[in-house]
Amino acid sequence: MRLTLLRSERCSRSLLAKPGAQYGLAAAAAPLLPGQSMEESKAGGEQQGNSPPPMKRLRLWTGKGKAKGKRPGLAEEGEKRYVPPPKKRNPGVSFSESHFAETSYYFEGGLRKVRPYYFDFQTYCKGRWVGESLLHVFGTEFRAQPLEYYRAAAEAGRLRLNEQPVRDLGVILKNNDFIQNTVHRHEPPVTAQAIEFLEENDEVVVVDKPSSLPVHPCGRFRHNTVIFILGKEHNLKELHTIHRLDRLTSGVLMFAKSAEVSKRIDEQVRQRQLEKEYVCRVLGEFPENEVTCEEPILVVSYKVGVCRVDPKGKVCKTVFRRLSYNGKTSVVKCFPYTGRTHQIRVHLQFLGHPIVNDPIYNTDAWGPKKGKGGHINKTDDELLRALVEEHLSKQSLGILDVAEEDLKPLVGDRVKEALGNCSEAVLDTPVNFSSGTREESADGEKGRISACSQNAIPQAELHKMESGETCSTESWDKKDSLCGECKIVRPDPSPKDLVMYLHALRYKGAEFEYCSKMPAWAQDDWEET
């Protein structure tokens, strides 16, 4: 039931209550109740200490679910902060032309590169954050940057709460609070190899995915993904992912053009009607006879992306057939009957024939036998630390695709210099977060942190997209004063380092069959250079 309090009624009620000293008004006589004398009324008032119960402040409703005169954002001093209700999100595929226009590609040294761009990371307040300060949430949940960075970002107007700039990070979060953080985003390079089309019709798009390309945005990758490249360069939008391939795995990749087609093919996957055939190159002489591996697989870490054979894991089955052996390595066909994470790679490691250049399962971190037969002799934490330390020593930590905040517990402050497959990380002019300016460089010039408003972000023209996210067009050769990546010069990876010898060769369903060419590294006359 909704009550509308009229102005006249509000005024009359204020005369009925005995005002306190805070109003600076003289006391008014309390009204007599039916059958009550003046003396009884006074006595009753004295019993209650001449202080009537405080009136509840009633809100004037406009009929639209919001208090009249209130607006989203931060309250002024002494006011209660109003939090608007959450916006309805567009279900289904959400990438549109405005997303694809955030930035552009360029090609260099056999690599596809993305020009840095400004981007809004945004989220609604999670349940565990309610009652905590914004500073506490940044310090515990978003540890990739120090707290000094978030203070500087707030001063620069890059942090917003319910669409309003927030300067005080001590603000206490409420349910439905909407948090936005504008960052200068850099993406790792991927191979410049073109995406080859195997089939396109009214129902599906089937491509031969190059190695090093993620299927869809994840982690540090957004524009350097198959979904974005197809949208930006081939005008293929609103695609539905039917299945996925690991970033370093190449081969047949299918997309549906409608939700109906996606559901139909997904049903075939659930009914085990989809036949999958992969090819790989492994260490050593693989047995000539067909080998079946049904060892259960357990996820060690979703964040780092590591699995292992374990009795407590999920049921799996992979069949292997050797195609050739060149005296050092073997080419093997793989037929996975289940679809567990890293299933082929983990089973090959268990069999003692890991993929030649597998950056996870063919490393010394697994011990002298490299995990053969499931012999590791390490706890999961020890294994993860050993794996990260090994890549850190090889300066190839970026290949693991692990977020900085997840690496920090393992390698500490060395994570900044280690990411990016770099042989040397050169630090440019550093930022003094506490003062809000760059430290003075050798030539005496200072870089200024953008001040106050979102529109003041340097060398960038921000615009709002349909989704509410913010992106920009910018002067590409300029550096952002708050961006740590802008201050590190990373040597490019070699295109060879972005390839893993695992390829999805064929996918066959009840109504279709799609095949790709055998990769060069799987040919009989191939020699590793």
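Tell me, what is the FRET efficiency for Glu528 and Arg270 to the nearest 0.05, using R0 = 35 angstrom and their Cβ-Cβ distance as r?
0.35
Amide H of Ser324 versus every other amide H placed in the peptide plane: which residues, excluding those fewer than 5 positions away on the same chain, fall under 5 Å?
Answer set, sorted by chain and number: Val331.
Search the structure for amide H atoms under 5 Å from the amide H of Lys317, placed 1.01 Å from N in the peptide plane, and list their residues when 5 or more places away or on another chain.
Long-range HN contacts for Lys317: Tyr337, Thr338.
Under the rule of at least 5 residues apart or a separate chain, name every residue whose amide H is placed under 5 Å from the amide H of His243.
Amide H neighbours of His243: Met254.
Would you rank Thr292, Thr241, Thr103 by solvent-accessible area, highest first, keeping every protein chain in place and using a 1.4 Å probe?
The ranking, largest first, comes out as Thr292, Thr241, Thr103.
Which of the three applies to region 327-385, rounded, prolate or oblate, going by the alpha-carbon gyration tensor with a ≥ b ≥ c and a/c under 1.5 meaning rounded?
oblate
Calculate the dipole size of region 256-414 relative to its Cα centre from +1 charges on Lys and Arg beta carbons and -1 charges on Asp and Glu beta carbons; express the result in debye to the nearest 20.
440
Longer than 29 Å from Cα to Cα, which of Lys209/Lys333; Lys113/Lys372; Lys126/Lys303 are they? Say none if no pair is.
Pairs exceeding the cut-off: Lys113/Lys372.
Does region 88-209 come out rounded, prolate or oblate, given a ≥ b ≥ c as the square roots of the eigenvalues of its C-alpha gyration tensor, rounded meaning a/c under 1.5 and, failing that, prolate meaning a/b above b/c?
prolate
Whole angstrom only: what separates the Cα centroid of region 103-159 from the Cα centroid of region 190-209?
Comparing the Cα centres of region 103-159 and region 190-209, I get a distance of 32 Å.
Go through Trp129, Trp526 and list them by solvent-accessible area, largest first, probe radius 1.4 Å.
If we order Trp129, Trp526 from most to least accessible, we get Trp526, Trp129.
Quick one: 3J(HN,Hα) in Hz for region 191-198, Karplus 6.51/-1.76/1.60 with θ = phi - 60°, rounded, Gly and Pro as x.
4, 7, 4, 6, 7, 8, 8, 9
With θ set to phi - 60° and the Karplus curve 6.51 cos²θ - 1.76 cosθ + 1.60, what are the ³J(HN,Hα) couplings of region 147-159 in order, to the nearest whole Hz, using x for Gly and Pro?
Going residue by residue, I get 4, 4, 5, 5, 5, 5, 5, 5, 5, 7, x, 8, 9 Hz, with x marking Gly and Pro.
For region 488-527, with all protein chains present and a 1.4 Å probe, just round the carbon and sulfur fraction of the accessible area to a whole percent.
Answer for region 488-527 is 49 percent, counting heavy atoms of protein chains only.
Each residue of region 112-118 in turn: what ³J(HN,Hα) in whole Hz from Karplus with 6.51, -1.76, 1.60 and θ = phi - 60°, glycine and Pro shown as x?
Along region 112-118, the couplings run 9, 10, 10, 5, x, 8, 8 Hz.
Leaving out ligands, DNA and RNA but keeping every protein chain, what accessible area does Lys113 have, in Å² rounded to the nearest 10, with a 1.4 Å probe?
Per-residue accessible area (Lys113): approximately 20 Å².
Can you give me the solvent accessible area of Asp202 with a 1.4 Å probe, rounded to the nearest 10 Å²?
Asp202 has an accessible surface of roughly 150 Å² with all protein chains in place.
What FRET efficiency, computed as 1/(1 + (r/R0)^6) with R0 = 45 Å and r the Cβ-Cβ distance, is obtained for Thr292 and Glu97, rounded to the nearest 0.05?
0.40
Give the shape of region 480-529 as rounded, prolate or oblate, defined through the alpha-carbon gyration tensor: a ≥ b ≥ c are the square roots of its eigenvalues, a/c under 1.5 means rounded, and otherwise the shape is prolate if a/b is larger than b/c and oblate if not.
Oblate, since a/c reaches 1.5 and b/c is not below a/b.
The values are calculated or read from the model by the stated rules, or taken from the named source; none is laboratory data. Computed from a prediction, not measured in an experiment: that's the story for all the values here. Cβ atoms come from the backbone with ideal geometry, glycine included; neighbour counts cover every protein chain shown. Quick note on the areas: whole protein, heavy atoms, side chains included, nothing else; ligands and nucleic acids left out. Shrake-Rupley method; radii C 1.70, N 1.55, O 1.52, S 1.80 Å.
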